[in-house]
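The values are calculated or read from the model by the stated rules, or taken from the named source; none is laboratory data. All values reported here derive from a predicted model rather than from experimental measurement. So basically every Cβ, Gly included, is an ideal-geometry build from the backbone, and we count neighbours across all protein chains shown. Protein only, heavy atoms only, side chains kept; ligands, DNA and RNA dropped before computing areas. Shrake-Rupley method; radii C 1.70, N 1.55, O 1.52, S 1.80 Å.
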Protein chains: 2
Amino acid sequence: MLPEVRPATFRRSVAEHQAAVRTLLAGLPDALGTQTVPLAAALGRTLASDLTAPRPLPPFANSQMDGYAVRAADLSTGPVPWATLPVAPPIPAGTAAPPLPPGHAAPIMTGAMLPAGADTVVPIEAADPPQFPAFVGGDAPFRDHTTVTLPASFAAGTYVRPAGSDLPAGATALAAGTRLGAAQLGLAAALGLAALPVRRRPRALVLSTGDEVAAPGTELAPGQIHDANTTLLTASLAEAGWDTATAGICADNAAAFEAALADALAPDPDVTDLVLTSGGISQGAYEVVRQALAGRGIAFGSVAMQPGGPQGAGLLALPGTAPVPLLAFPGNPVSSFVSFEVFLRPVLCELLGVPPRPLVQAPLAVALDKPPGKLQVRRGILEDGRFTPLGGPGSHLLHALAHATALALLPPGPGHLDPGTDVPVLTMGDPQ
Amino acid sequence: MLPEVRPATFRRSVAEHQAAVRTLLAGLPDALGTQTVPLAAALGRTLASDLTAPRPLPPFANSQMDGYAVRAADLSTGPVPWATLPVAPPIPAGTAAPPLPPGHAAPIMTGAMLPAGADTVVPIEAADPPQFPAFVGGDAPFRDHTTVTLPASFAAGTYVRPAGSDLPAGATALAAGTRLGAAQLGLAAALGLAALPVRRRPRALVLSTGDEVAAPGTELAPGQIHDANTTLLTASLAEAGWDTATAGICADNAAAFEAALADALAPDPDVTDLVLTSGGISQGAYEVVRQALAGRGIAFGSVAMQPGGPQGAGLLALPGTAPVPLLAFPGNPVSSFVSFEVFLRPVLCELLGVPPRPLVQAPLAVALDKPPGKLQVRRGILEDGRFTPLGGPGSHLLHALAHATALALLPPGPGHLDPGTDVPVLTMGDPQ
């Protein structure tokens, strides 16, 4: 017999459901805690605590140019605006520079330590002659010229990078919550740090439901389709920095679904930060997720959005498992994808310090009709700054979705939008 | 003694060096070849060949709504704009639907196969009564109503998703070169594919040079600094989809550098697609990379850019190793980062189908001075649509770089730019 369909427990606007998801997941950053990983494993991770500079950057005053280290005062001692100084032994990078003898000029390479006494670097191209003398050491250390003539026009401090001028010791180099990209990891390396404290990667359990759904790579029985949602949602979570586990496809049977869920959560209850289901939550007769979970802490209802209207959310309380936030998305693949983009990704970005998808305003290239009073998410492309839909509004149009680079968020309100109407558009990058 | 510095072999504009890098790496896509990986490992990879749909999407005509499957002609047979039809057994999703008896209406759920004979779905909310009867089977299969009254206003085809309406069998689902994100992988899953042909990930060997450079995590000798470039460049390559190997830090000795390079390339000469060095290529006296490689197929010279002026590029020909493209970047960390962003990333994006960094035009928030005739890359942020620099132009300012979200490309030409001048800006996302 047809099982009883429980009534919806909420009717929400998109903003209301976004807020409910944010509240449900608010504890996520704290739950992740801290782990220390080598720099090479920290790319894309989130810094767990403020990073304090253990030493100044640069660690010592050094030369910004290949040239001569001098005292600026030695350049303007005579009646002419230049000075001819004896050349001291050169200062290679990577060595402790000996003090500069008074009245001398020492060849210095970019990045080399400024010798004590020097306060200025005159670039080699300003010197006469504009080449370094060959250094052979001994009593007559230079093979060619032993003096150099330098202009007096360089003020003290020119082409010197003082110690700590990029960052003083003890300053905050990076703030907790910073997402670690190449530049941030490069800074940590320059500070001498070989490992960083980062947040644990969050972990989600993803389940698809439905008797009609078969795993990719398997043959279809009549009436079946291949499961796109497990792939769509695990890939979307991975792009957002999550680890994922799957519990396969659960048949349209509430008891079997609940058992599969409990099994998947039982071995490691405290490392699942989120359960994400797809399918089984709308007004149909075979709504396994609603039937299994409505009494388990999950509220089901509808959001004024298309696709992705049916939604479920709550703190899952199954016997024998720790409570875990659960979001239940509808089963049509595009509905599931759009639910992720509208309800989950923005909240994850906000909570975990991940850059959100850029949101722009763009005019419609064509007229669009939509259900009045609902936010409709249309898939398409931005071309010449205008949004052009790919395919219709149908939530089964995965081919069109796979070629879309933008999601137009047609606002609730009127059901007809003229060409040229400005609408918010999330840009997703170019799949080509 | 100071070794001889070989003269520069080129002076190039930024565009000329970009073109030289593109030519050097043009064979990369072919060199990568094809490998087949499971869907879960294909995220972020590049499709190696056109993907043809092995079956139509959807694979069979199905219902877009929960409702009644009918023949549209059965709804308008009488004098009134509605029809009362006997209810046929329901059609769950995931089963082969039996043919619809003439003049009947069959309860059907979203996604379920449309039965033979039906051409239209009337949504449940348009039916009277607007609920499905409880199906108990047997001779009197329905517990409550056995007929349903449906409006005649639904044209044939309404709320039906025809087979192949998203994608017909044999059509190109995704083109070779497509970057595989969540939506593209979801499409492949929906087509029943459990694995995809993708390009091998390209692989780079990264080497830092300099006696003054020490690995992060080690103590500094006087005059030494920690190596940021290995981390900066391996992380930048990883973000662009590359695998990387490192050969540590090579001292300022041409023979040792060449030996380290040959060692790193020898074991697996054909899996290194690119060698990336940093340091040792400018006009100083200790320029190990120039000294070692100028006779090995690599041209060194200067590009009209700051930072990142000294550059080297060519096809490295070392005895006993296969020729491999090599780029030599300057040693200052910001120079190295900027060289990657200006010369390497755009070419890799173009060759490998990876989305490039977005380039926008933005006005300067403040006046900026720069060397005339050179493209200067300034690090900063976009705030209220205007570019504000962080830190000065110095190529050692890693802390400022790590807080930058935008790179302004101040064009060659005049040395002074007024506030409000529009300049091209690469946006790098938000590190916070």
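Spatial offset of region A:231-307 relative to region B:380-418 amounts to 46 Å, using the alpha carbon center of each. Counting only other chain Cβ atoms within 10 Å of each residue's Cβ, the peptide A:413-423 averages 0. Where chain A is carried onto chain B by rotation, the Cβ closest to that axis, with its residue and distance in Å, is A:P358, 4.
Here is the size of region B:359-427 from its Cα atoms: Rg then Dmax, 10.8, 29 Å.
Build a GNM of chain B with springs between Cα atoms under 10 Å: which of B:P358, B:P141, B:P371 gets the top mean-square fluctuation? In the Gaussian network model the winner is B:P141. How large is the Rg to Rh ratio of the protein assembly as shown when both quantities use alpha carbon positions and Rh follows Kirkwood? Rounded to two decimals, Rg/Rh equals 1.08. Amide H to amide H, with H built 1.01 Å from N, B:G415 comes under 5 Å of no residue 5 or more places away or on another chain. When you count the other C-beta atoms within 10 angstrom of each residue and take the mean per peptide, B:214-222, B:48-56 line up highest first as B:48-56, B:214-222. Here the scattering of region A:227-339 is modelled by Debye summation over its C-alpha atoms, one equal scatterer each and no solvent; at q = 0.24 Å⁻¹ the log10 of I(q)/I(0) is -1.61. Helix B:254-265 axis versus longest C-alpha principal axis of chain B: approximately 20°, rounded to the nearest ten. Once the gyration tensor of the Cα atoms in region B:310-432 is diagonalised, the equivalent ellipsoid follows with semi-axes of 29, 16, 14 Å, ordered largest first. Across A:T120, A:T178, A:T405, mean-square fluctuation computed from a Gaussian network of chain A (C-alpha pairs under 10 Å connected) peaks at A:T120.
Quick one: Cα centre-to-centre distance for region B:101-126 and region A:13-50, in angstrom? Result: 45 Å between the Cα centres.
GNM remark for chain B: springs join alpha carbons under 10 Å apart, and the peak mean-square fluctuation among B:P29, B:P151, B:P346 falls on B:P151. Where both bridge residues fall in chain A, DSSP classifies roughly 70% of the beta bridges as antiparallel.
Using Cα pairs under 8 angstrom and six or more residues apart, how large is the relative contact order of chain B, in percent?
It comes to 16 percent, rounded to a whole number.
With respect to chain A, whose longest principal axis is taken over its alpha-carbon atoms, helix A:14-25 is tilted by about 70°.
Neighbouring Cβ atoms from other chains, within 10 Å of the Cβ of residues in A:399-407, number 6 on average. Relative intensity of chain B on a log10 scale, I(q)/I(0) at q = 0.14 Å⁻¹, equals -1.21, per a Debye sum over C-alpha point scatterers of equal strength in the absence of solvent.
What percent antiparallel are the DSSP beta bridges of the protein assembly as shown, to the nearest 5? About 70 percent, rounded to the nearest 5.
Given 20 °C and 1.002 mPa s, how large is the Stokes-Einstein diffusion coefficient of region B:1-86 in µm²/s, with Rh as the Kirkwood radius over Cα pairs?
Taking Rh from Cα pairs, D becomes 99 µm²/s.
For region A:110-193, the convex hull drawn through the C-alpha positions has a volume of 174 cubic angstrom per residue. Each copy carries a label point for A:G429 at 7 Å from Cα along the beta-carbon vector; from one copy to the others these points are 0.7 nm apart, nearest first.
Karplus-based coupling profile of region A:369-383, in residue order and whole Hz: 10, 8, x, x, x, 10, 6, 10, 9, 9, 9, x, 10, 9, 10, with θ = phi - 60° in 6.51 cos²θ - 1.76 cosθ + 1.60 and x standing for Gly or Pro. The share of Cα pairs per 5 Å bin across region B:8-162, counted from zero up to the longest distance, runs 2, 8, 14, 15, 11, 7, 5, 4, 5, 5, 5, 4, 4, 4, 3, 2, 1, 1, 0 percent. For the peptide B:16-28, the mean number of other protein chain Cβ atoms found within 10 angstrom of a residue's Cβ is 0. Each residue of region A:69-79 was assigned a 3J(HN,Hα) from its phi angle through the Karplus curve 6.51 cos²θ - 1.76 cosθ + 1.60 (θ = phi - 60°); the sequence is 7, 9, 8, 4, 5, 6, 8, 10, 8, x, x Hz, with glycine and proline shown as x.
Bridges between two residues of region A:213-345, per DSSP, are antiparallel at a rate of about 60%.
For A:K370, a cut-off of 20 angstrom between C-alpha atoms picks up these aspartates and glutamates, skipping any fewer than 8 places away in its own chain: A:E341, A:D418, A:D422, B:D66, B:E125, B:D166.
Computed over region B:359-427, relative contact order equals 48 percent, with contacts defined as Cα pairs under 8 Å that lie 6+ residues apart. Interface of A with B. Using a 1.4 Å probe and counting protein heavy atoms only, the two chains hide about 6500 Å² of accessible surface, both sides summed. Around the amide H of B:D211, modelled in the peptide plane, lie the amide H atoms of B:D252, all under 5 Å away and 5 or more residues distant in sequence or on another chain.
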